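A quick write-up on the structure given underneath.
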Amino acid sequence: MKPPEETPRAAPQLSFQLGSFKMKNPVMLASGVVGVTLDILPRVAGAGAGAMVTKSISIEPREGYRNPTVVEVEGGYVNAIGLSNPGLEAFVKDLVTLKEKPIPLVVSLFGSEPDEFGHMVSTLESTPVDCYEINLSCPHVEKVGLEVGQDPEAVSQITKSAKKSSSRPVLVKVSPNIADIVEIASAAADAGADGITAVNTARAMVIDIETGRPILSNKVGGLSGPAVKPIAVRCVYDISRKVDIPVIGCGGITSWRDAVEFMLAGASAVQVGSAVAYKGLDVFKEIVQGIQKYLDRHGLKSIGELVGRSHSYQ
């Protein structure tokens, strides 16, 4: 008698959802990798990304720093671009003309006062935005980013202002350059944040030994790339053990193995940035396929079964 055929096992589920924000897979393009123009969105989608985060936007236009703004180092890049962007008004004009949105769009925002974030979110509510990411972690711009993001009360007030104006999920992006990242993430969570993005770049500097001068025009910049991955993994692990909202892992992810490591540490989704410079946009397809094969190999039905597994080893 011929043995009965085994029913094929369903492919593991890669989708990630945070309220109304839905991704077909958990891999996003991180903020700051491409310009503020949205023309690249179809290309990012075609490459396999689950969502795209825009470059950080402020109310007023910002030119950023003069060159040099980026230097390659062993294990990544150090950059101090200065959060250059065309400002909220110009960005909204570009956004409302968007004809195609094949994947969800996350808009990154920065400022110095709670009211600024409330105003920006209110303005963007009439546009095809799926989620907001509040950038409280830039390490090289005064009076915004890290200077704001290391104060739990300021983080709380900014988060509340953004949430009050928003009908979409709000992520808060935190910095590794502070004494207690869990305290800051907890302040955002307690204030109503829907998720935490961890982490931004690490404060860094590169000096030309022949001239003795710092290479970047701003002297200090942010280190990104594989060199920061162990720091970012530790941050995700610590935060995800203390807060009850999803953590989005970011920092040095260049392969599916890196993405899986972040998820084991507690990340529900990940963002990929510097790897685009190393491998091009094809890195997204490579990472997504690798995650799916890993889940299948380990008999896991979904991403959710992977998230935070390392927490059981106390």
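Of all residues being assigned to a loop (DSSP other than H, G, I, E, B) and among the polar types (S, T, N, Q) in the stretch 1-18, which is modelled with the highest pLDDT? Just the residue, please. Break it down stepwise before answering.
Kept after step one, since they are assigned to a loop (DSSP other than H, G, I, E, B), are these residues of the stretch 1-18: 1-12, 14-15.
Those left that are additionally among the polar types (S, T, N, Q): 7, 15.
Working: THR7: 58, SER15: 97.
The selected residue is SER15.
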The stretch 147-182, residues that are modelled with pLDDT under 85 and either among the basic types (Lys, Arg) or surrounded by 21 or more Cβ atoms within 10 Å (Cβ to Cβ) (or both): VAL148
GLU305 vs. criteria under 28 Å from PRO42 (Cβ atoms), at pLDDT 95 or above and surrounded by fewer than 22 Cβ atoms within 10 Å (Cβ to Cβ): no
Boolean, ILE291 is surrounded by 18 or more Cβ atoms within 10 Å (Cβ to Cβ) and assigned to a helix (DSSP H, G or I): yes
Evaluation of GLY266 against (1) of a type outside the set (Phe, Trp, Tyr); (2) farther than 27 Å from ARG9 by Cα; (3) surrounded by 21 or more Cβ atoms within 10 Å (Cβ to Cβ) (one fails), failing number: (2)
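Out of all the residues in the stretch 114-129, which are free of Cβ contacts under 8 Å to residues at least 40 places away in the same chain, surrounded by fewer than 18 Cβ atoms within 10 Å (Cβ to Cβ) and not in a helix (DSSP H, G or I)? Please lay out each step first, then the result.
Within the stretch 114-129, the first condition is being free of Cβ contacts under 8 Å to residues at least 40 places away in the same chain, and the residues that meet it are 123-124, 126-129.
Pick out the ones that are also surrounded by fewer than 18 Cβ atoms within 10 Å (Cβ to Cβ) and you get 123, 126-128.
Listed by number, the residues that qualify are SER126, THR127, PRO128.
Could you list, in sequence order, the residues of the stretch 284-302 that are touching a helix residue (DSSP H, G or I) at 6+ places or on another chain (Cβ under 6 Å) and either in contact (Cβ under 8 Å) with a residue 40 or more places away in the chain or farther than 14 Å from VAL270 by Cβ (or both)?
Residues satisfying the conditions are ILE287, ILE291.
Looking at GLU89, GLU100, GLU133, which one is assigned to a helix (DSSP H, G or I) and not aliphatic (A, V, I, L, M)? So that I can check it myself, show each step before the final result.
Values: GLU100 fails: assigned to a helix (DSSP H, G or I); GLU133 fails: assigned to a helix (DSSP H, G or I).
Being assigned to a helix (DSSP H, G or I) and not aliphatic (A, V, I, L, M) holds for just one of GLU89, GLU100, GLU133, which is GLU89.
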Cβ-Cβ under 9 Å pairs, at least 6 apart or on other chains, the stretch 86-108 side without any contact (Cβ under 8 Å) to a residue 24 or more places away in the chain, far side hydrophobic (A, V, I, L, M, F, W, C): GLU89/ILE59; THR97/LEU38
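The values are calculated or read from the model by the stated rules, or taken from the named source; none is laboratory data. This one's a predicted model, so the numbers in the text were calculated from it and none came from an experiment. Quick reminder, even Gly has a Cβ in these numbers, built from the backbone with ideal geometry, and neighbours come from all protein chains shown.
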